[in-house]
Amino acid sequence: MKQSMPRPKNYDRPTALAKARDAFWQYGYDALGVRAIEELTGLNRFAIQTDFGGKEGLFLEALSLYGDEAIEYIMEPMRAGGLSAIKQFFIDATTMHKNDPRIFGCLMVNTVIENASHNREALKKQTDTHYTGMLNAFRAALSNARDAGDIAEDFDIEEAATFLLSLAMGIQVYIRMTGSLSSAQHQANMALKTIDTWQNQPC
């Protein structure tokens with residue numbers, strides 16, 4: 001019996017995945033049908049099903065891409081830094097760049113909210129992993145600051161890290177609501193002022 005040859009891929013996977021990430025980022029998971037995904041990514045229905053395992057599989061890979069970028073550009077600098085790295089995070093979160101997709105908020109935050117009424121386990125697992133990483137990054141930066149003597153030895157790192165994560169997520173919701181990064185500058189400025197109060201004053 002003659003074996004059928006696999007279809008050659010007629011798309012660039014990294015490019016298509018980046019387009020999928022941006023499409024889900026803008027429109028969300030439930031609002032995008034397969035036809036819309038085809039139009040926005042250049043993928044066809046066969047590739048979505050065969051190469052990615054369907055819409056949810058494509059979304060999970062798009063979330064992974066988004067999360068990997070967050071690790072590189074957000075989490076790793078905080079893990080290696082201290083209070084200044086945390087402050088830079090909030091400055092960057094409200095600094096607009098040309099054609100910035102962050103006007104749609106944070107893909108992970110959007111997914112947490114959208115998935116709350118559906119409880120898709122695979123999506124929840126991915127967002128939980130992401131925010132555990134973010135929380136750990138805040139903890140690391142605060143621990144580094146304490147080790148450097150920038151904050152008090154008895155400073156409550158766990159309380160502060162949880163506060164920072166909640167504030168970061170809230171800022172992203174506000175950005176999504178307003179469609180503007182600069183709209184959240186008041187929140188970012190208050191975050192910077194709050195962080196300044198944690199710092200040890202020179203003798």
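Per residue, segment 108-203 exposes 55 Å² of accessible surface when a 1.4 Å probe is rolled over the protein heavy atoms with every protein chain present.
Neighbours of R146, meaning other residues whose beta-carbon lies under 10 angstrom from its beta-carbon, give a summed charge of -4 when Lys and Arg score +1 and Asp and Glu score -1.
Measuring against 32 Å, Cα to Cα, the residue pairs K55/K87; K55/K193; K98/K193 contain K55/K87; K55/K193 as the ones spanning a longer distance. Around R176, what is the net charge, scoring Lys/Arg as +1 and Asp/Glu as -1 over all other residues with Cβ under 14 Å from its Cβ? With Lys, Arg at +1 and Asp, Glu at -1, the net is -1. Taking every pair of alpha-carbon atoms in segment 1-146, give the share separated by more than 21 Å as a whole percent. In whole percent, the share of Cα-Cα pairs in segment 1-146 beyond 21 Å is 51. Of the peptides 81-87, 121-127, the ranking by mean beta-carbon count within 10 Å, highest at the top, reads 81-87, 121-127. Computed over all pairs of different Cα atoms, the Kirkwood value for the hydrodynamic radius of segment 157-203 is 11.8 Å. Backbone phi angles across segment 38-50, fed through the Karplus curve with coefficients 6.51, -1.76 and 1.60 (θ = phi - 60°), yield HN-Hα couplings of 4, 5, 7, 10, x, 7, 9, 4, 5, 5, 4, 6, 7 Hz in residue order; Gly and Pro are listed as x. Pairwise alpha-carbon distances in segment 71-203 exceed 21 Å for 43% of all pairs. If you take all other residues with their beta carbon under 11 Å from the beta carbon of A137, and give Lys and Arg +1 and Asp and Glu -1, the sum is +1.
The values are calculated or read from the model by the stated rules, or taken from the named source; none is laboratory data. As the structure is a prediction and not an experimental result, all values here were calculated from the model. All Cβ positions, glycine included, derive from the backbone under ideal geometry; neighbour counts span all protein chains shown. In case anyone asks, the SASA skips ligands and DNA or RNA and just uses the protein heavy atoms, side chains included. Shrake-Rupley method; radii C 1.70, N 1.55, O 1.52, S 1.80 Å.
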